[in-house]
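To start, the structure itself, in structure tokens.
Bear in mind that the values in this text are calculations on the coordinates, not laboratory data. No experiment lies behind these values; they were computed from the predicted model shown. Because the Cβ atoms are built from the backbone with ideal geometry, glycine has one as well, and the counts that use them run over all protein chains shown.
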Amino acid sequence: MSLEKIDHNLCTGCGICINSCPMDVIRMDEGKMKAIIKYPEDCMLCEFCSLDCPEHAITVSPEKYSPVIASWG
Ligand code: SF4
Ligand code: SF4
């Protein structure tokens, strides 16, 4: 589970998400001028990037927000 997707049809390459991310997960593809998910394993699912993206291009995996409820006995 991690930052799931950056929609390159929506991303304008503004770079806001890169500055928003406290974990350095997102980098800019300098060739395409689109944000890319570089280190997904470092994502802590804070959602700063998706909240700050003006184009709503970022999807954070929703599973994290459906915690497994287990009961024993
Ligand atoms: S904030 Fe959104 S539009 Fe801007 S670079 Fe990141 S993904 Fe692209
Ligand atoms: S959810 Fe948080 S840690 Fe993960 S990529 Fe976005 S800003 Fe970075």
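All other residues with a Cβ under 11 Å from the Cβ of residue 58 taken together, and with Lys, Arg as +1 and Asp, Glu as -1, what is their net charge?
Around residue 58, the charge tally is -4.
The string of couplings for the stretch 4-21 from the Karplus curve (6.51, -1.76, 1.60, θ = phi - 60°) is 8, 7, 10, 7, 6, 6, 9, 5, 9, x, 5, x, 4, 4, 5, 6, 6, 6 Hz, one whole number per residue in order, with x for Gly and Pro. For residue 32, the aspartates and glutamates whose Cα falls under 16 Å of its own Cα, not counting residues fewer than eight places away in the same chain, are 7.
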